[in-house]
Amino acid sequence: MNENTFKERLKLFFIKNQRSSLRIRLFNFSLKLLSCFLYIVRVLLDDPAQGLGCKELNRSCSNQNYTPGTIDWSPIIWVNRSLPLWGLQVSVAVISLFETLLLSYLSYKGNIWEQILRIPFLLEIINAVPFIITIFWPVLRNLFIPVFLNCWLAKHALENMINDLHRAIQRTQSAMFNQVLILISTLLCLIFTCICGIQHLERAGNRLTLFDSLYFCIVTFSTVGFGDVTPKIWPSKLLVVIMICVALVVLPIQFEQLAYLWMERQKSGGNYSRYRAQTEKHVVLCVSSLKIDLLMDFLNEFYAHPRLQDYYVVILCPTEMDAQVRRVLQIPMWSQRVIYLQGSALKDQDLLRAKMDNAEACFILSSRCEVDRTAADHQTILRAWAVKDFAPNCPLYVQILKPENKFHIKFADHVVCEEEFKYAMLALNCICPATSTLITLLVHTSRGHTAPWEAFRQLTGTKQTLNRESQQSPEQWQKMYGRCSGNEVYHINLEESTFFAEYEGKSFTYASFHAHKKFGVCLIGVRKEDNKNILLNPGPRYIMSSTDICFYINITKEENSAFKKQEKHRKNHESKLSYHGASRLPVHSIIASMGTVAIDLQDTGCRSGATLALPAEGGKEGRRPSIAPVLEVADSSSLHTCDLLSDQSEDETTPSDDEASAGLEYAKGYPPYSPYIGSSPTFCHLLHEKVPFCCLRLDKGCQHNYFEDAKAYGFKNKLIIVAAETAGNGLYNFIVPLRAYYRPKKELNPIVLLLDNPPDMHFLDAICWFPMVYYMVGSIDNLDDLLRCGVTFAANMVVVDKESTMSAEEDYMADAKTIVNVQTLFRLFSSLSIITELTHPANMRFMQFRAKDCYSLALSKLEKKEREKGSNLAFMFRLPFAAGRVFSISMLDTLLYQSFVKDYMISITRLLLGLDTTPGSGFLCSMKITEEDLWIRTYARLYQKLCSSTGDIPIGVYRTESQKLMTSESREMASQSQISISVEDWEDTKDTKEQFSCRGNHRNSTSSDQSDHPLLRRKSMQWARRLSRRAPRHSAKTAEKISQQRMNLYRRSERQELAELVKNRMKHLGLSPAGYDEMNDHQNTLSYILINPSPDTRLELNDIVYLIRPDPLTYVPNAGPSRKNSFCNTVGQDTREETQL
């Protein structure tokens, strides 16, 4: 095609060139509007009574009055048009006709009828040609021409103009705007046409003005129809009918298209306003699929911080919003702050819609419910790369699933690897009970609720900010547990702190102890100004500096606390309060324990060690040592640390005969092989030579040993069994914390990996250097596999959620198989401590499920109440969670969310879990309170003892109580469970009244003959029915007790049947059933955590205290005697070695 021809040049100017074409269309649109305006001017200047046009054309025509039944057509055909107005209209018509003919010629493609029969072309001919004719025939100058139809041509020109405008500015998201514009212009054209048509036709009738016509059209189209203005002649009536029919056809089509586009826009979410992005703060959440649980966890945790209340959350998700998410986002609480955009993070257009370059942060979450978790990680990596490429300055918070993929996103500001944290947390659960619950409570944001606490209000006359979870709990343990669960980790500069400013130049342990004593806060770590590394409990040799950043645990941060100086002493209050457990505390202890708004400063002195000495006890050999004061500056002679690295330590220099004969000599060093890139090096117990792969198989002998089951190995410590589907690289992080150098060699537990699929060679190459680590191919579904791997003498059984079951048609059914398998384990091996990982936290209510347990039913009701109150952790009072026996990785999602406000939380959590080892930083461990330790009495004295002797910092207590001391229902159930009944007792009931004997050790007092009587169950039920026949003599309470007795007998006989099944399988496999104790269970106990409890909290027997112990590498090796008991006392100690961590 020759582009130099005149036609091509015109086409290039009028059509092809976007900018020139836009100008031409704008000029055309202006002409049409001008013609409509001139028509309105002509109507306003015209007087139908003059009839000028009629007189000029037909002299015999005269004005006649209108009579009903006849129509005077002359006012309709002729109008009064002045000469200047006629000249303007003719000019506009000539220009419009010329432009239309030129554009038709340029767009002509061989079919002339296609150009002529177009509606815009016909309208142009109707409105322009008559004016041109009047130039040559002046007598027709006053002929009526429907110029008002140019409004439709103006509408057509406007649509073309907007299309050219969008092409010129490269705007693609304009469908909704175009459709709204078309709808509005169509409606205006219909109304304008109807107004002008009715007004002109009624010139021969009512002679309506333009305003009367407007009023009539609006009333008619709005279906009101007052009837005060109506057309009188049939042409105008016919026009009204035609316009209504056109409106009924055209407008619904336009509304339908608009509604369709609106629904599509709602699905895609539209755009986030650039003006809002520049004036308001927002964060972007990128996910592959948005579930309601994930959304609510993010929103509740994100908006729990007061400083984030004005932030907007923009969700960028490639899938359509589901019904549940849509309903939630329509709630006023979220609808004004959460914006859902359907789009992909890999498209710059969608990132531009989300205004990613103006975002305060971008959270990229992985889809953990995917069957292929590696593919999910690959998608996450691409999203992170795309965001970093589009907005390099936007902070990235990335969640990754597999540890081997972590190094691809090292550029991200904060990264949480799910499998790293999961396995490290499960490992620490085995040696520090309920570590998972401890970490979960520390990283979640507690929402305080102001409510009067009677005991506190009566003494102080003030109101106290309590944790929401602790309100109105019927049980004392729930009050303590809920109140302490509100503790979080905060930070503050030392020189700006009221808590710690006075300890500048003093040792870390001195500052930690006295801050806890005065304010109830627990100082756990510091960070130097010129160093990015956080040090957890750097020890007594660390001297506090004014520029240090202090990290502490408290119920609220110092900036939100109001300090109150108390001038007078409260001796009268303290004398009135007695210590009946941890529930009756002095007021200053209550204030400090709750970390509340009011903090007492009445006592700033340090109590001397002599004041804590115990009085001499009769019958004892002298007095036990008192608690030494915590020194301001460390003295090496006062520290009795456990030197885990010294060659002089007893557990290395004096090995037992068995160890010597077996050659169990361990070295300490860094693992020579890591299964993935990016793992943090950890100093561990290692073997001098790696074990052959054949020796790692527990259930099969080889040329090096002939053992085929765990019993044959003769381990001295109980096993830790991990049941997993595959040996992923994350499982490496389960082994490392259990083999860390600071774990005493005598306390290393053998680790058995029970895998559904055989492990890869590179994984075996990584674990073959660790002592006492074995694997076995099997499943927890198979009882034989469980028995071979040593479940009967295992300390802990860790059941890891299987990847193949994480996705299910019904979301919450993903845990069904795991829950049922664990329930089977719980019934078969009641004494086994089972730690289970679930996909959905809501399913933890099915763990250790007992359908007719009244206490579990009460906890279920409490959970529902907490959920209605909007608690972030409604399930926290569930016994399995409180005891640390169940864990879901989704609980750690809050760790990533919290890092937006507390950027140090991920680092502190990694240090606590042992994933990172910073030189000089301490580690998490635990110790058990024995009878010899009860002389310390309170948590404050324990704090002082640890700080003054070992430098350990306690952060909480894990307490186990008997469930029989709880509600009335549980008390009756527990009392009934303590009834011991033998066959001889049943025989005595034939003639005499039944005698019950409550024995403290009832489970072991059951007659061994019961397992040999196959009719015991039937006889027991007969005995229970005989009791039920006597029920009318007793009250309703007695009847309930009898019912509980019958259920207890049923349970007892059922456990015996399960025990016989297990023993028979053990005999069949050639295993000795001697270690299987079928009656030793913990169904009548409950455990919970007290984080940073009150200083006056009473210590109880078997309490487990969480400690942050200083790094042994920071101390000079001490050749003195090793620690023999819980507190490293070297005077008056037993020779019995305690297992203390």
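The values are calculated or read from the model by the stated rules, or taken from the named source; none is laboratory data. Just so it is clear, the model here is predicted, and its values are computed rather than measured. Quick reminder, even Gly has a Cβ in these numbers, built from the backbone with ideal geometry, and neighbours come from all protein chains shown. Surface areas here come from the heavy atoms of the whole protein model, side chains and all, with no ligands, DNA or RNA. Shrake-Rupley method; radii C 1.70, N 1.55, O 1.52, S 1.80 Å.
The residues of the stretch 879-927 that are open to solvent by 10 Å² or more (accessible area, probe 1.4 Å), part of a loop (DSSP other than H, G, I, E, B) and over 28 Å from Gly539 (Cα atoms), listed by number, are Arg885, Phe900.
Considering the stretch 1102-1117, and only residues there that are over 20 Å from Thr435 (Cα atoms) and open to solvent by 70 Å² or more (accessible area, probe 1.4 Å), the residue that is modelled with the highest pLDDT turns out to be Leu1113.
Looking at the structure I just gave you, is Ser512 touching a strand residue (DSSP E or B) at 6+ places or on another chain (Cβ under 7 Å) and modelled with pLDDT of 90 or more? So Ser512 passes the test.
Scan the stretch 30-43 for residues that are open to solvent by 40 Å² or more (accessible area, probe 1.4 Å) and either more than 30 Å from Arg207 (Cβ to Cβ) or at pLDDT below 80 (or both) and jot them down. Correct list: Ser30 only. Just checking, does the stretch 401-417 include any residue being small (Gly, Ala, Ser), assigned to a helix (DSSP H, G or I) and more than 21 Å from Tyr732 (Cα to Cα)? Among the residues of the stretch 401-417, not one is small (Gly, Ala, Ser), assigned to a helix (DSSP H, G or I) and more than 21 Å from Tyr732 (Cα to Cα), which makes the answer no.
Does at least one position in the stretch 301-313 carry a residue that is in a strand (DSSP E or B) and hydrophobic (A, V, I, L, M, F, W, C)? Among the residues of the stretch 301-313, at least one is in a strand (DSSP E or B) and hydrophobic (A, V, I, L, M, F, W, C), which makes the answer yes. Restricting the stretch 382-400 to residues that are assigned to a helix (DSSP H, G or I) and open to solvent by 10 Å² or more (accessible area, probe 1.4 Å) leaves a set whose member that is nearest to Arg353 (Cα to Cα) is Phe390. Could you please find all residues in the stretch 518-532 being open to solvent by 10 Å² or more (accessible area, probe 1.4 Å) and in contact with a Phe, Trp or Tyr (Cβ under 9 Å, 6 or more places away or on another chain)? Passing the criteria: Lys518, Arg527.
Residues in the stretch 77-135 that are assigned to a loop (DSSP other than H, G, I, E, B) and under 27 Å from Ser21 (Cβ atoms): Ser107, Tyr108, Lys109, Gly110, Asn111, Leu117, Arg118. Residues in the stretch 166-186 that are open to solvent by 70 Å² or more (accessible area, probe 1.4 Å) and either modelled with pLDDT of 80 or more or of a type outside the set (S, T, N, Q) (or both): Arg167, Ile169, Arg171, Phe177, Ile184. Pro1093 meets the conditions (1) at pLDDT 80 or above; (2) in a loop (DSSP other than H, G, I, E, B); (3) open to solvent by 60 Å² or more (accessible area, probe 1.4 Å) in every case but one. The failed one is (3). Looking at the stretch 44-61, which of the residues that are open to solvent by less than 70 Å² (accessible area, probe 1.4 Å) and not in a helix (DSSP H, G or I) is modelled with the highest pLDDT? Checked the stretch 44-61; the qualifying residue modelled with the highest pLDDT is Asp46. Of the residues making up the stretch 302-356, those that are open to solvent by less than 80 Å² (accessible area, probe 1.4 Å), without any contact (Cβ under 8 Å) to a residue 40 or more places away in the chain and charged (D, E, K, R) number 4. Has the stretch 236-245 got any residue that is of a type in the set (Ser, Thr, Tyr) and surrounded by fewer than 19 Cβ atoms within 10 Å (Cβ to Cβ)? No. Taking the stretch 699-773 as the region of interest, the helices (runs of 4 or more DSSP H) fully inside it that hold 1 or more residues being touching a residue at least 60 places away in the same chain (Cβ under 8 Å) and open to solvent by 40 Å² or more (accessible area, probe 1.4 Å) are 710-713, 761-767. In this structure, Leu285 does not qualify as within 20 Å of Thr894 (Cβ to Cβ) and assigned to a helix (DSSP H, G or I). Restricting the stretch 489-500 to residues that are farther than 12 Å from Ile524 by Cβ and assigned to a strand (DSSP E or B), the residue that is least open to solvent (accessible area, probe 1.4 Å) is Ile492.
For the stretch 774-799, the set of residues classified as of a type outside the set (S, T, N, Q), part of a strand (DSSP E or B) and more than 16 Å from Phe693 (Cα to Cα) consists of Ala794, Ala795, Met797, Val798, Val799, listed by residue number. If you filter the stretch 1124-1133 down to residues that are under 30 Å from Leu832 (Cα atoms) and open to solvent by 20 Å² or more (accessible area, probe 1.4 Å), you find that the one that is modelled with the lowest pLDDT is Lys1124.
Which of the residues belonging to the stretch 357-377 are under 20 Å from Lys802 (Cα atoms) and either small (Gly, Ala, Ser) or open to solvent by 10 Å² or more (accessible area, probe 1.4 Å) (or both)? Answer for the stretch 357-377, where residues must be under 20 Å from Lys802 (Cα atoms) and either small (Gly, Ala, Ser) or open to solvent by 10 Å² or more (accessible area, probe 1.4 Å) (or both): Ser366, Ser367, Arg368, Cys369, Glu370, Val371, Asp372, Thr374, Ala375, Ala376.
Consider the stretch 136-164 and keep the residues that are open to solvent by 50 Å² or more (accessible area, probe 1.4 Å) and in a helix (DSSP H, G or I). The one that is modelled with the lowest pLDDT is Asn163.
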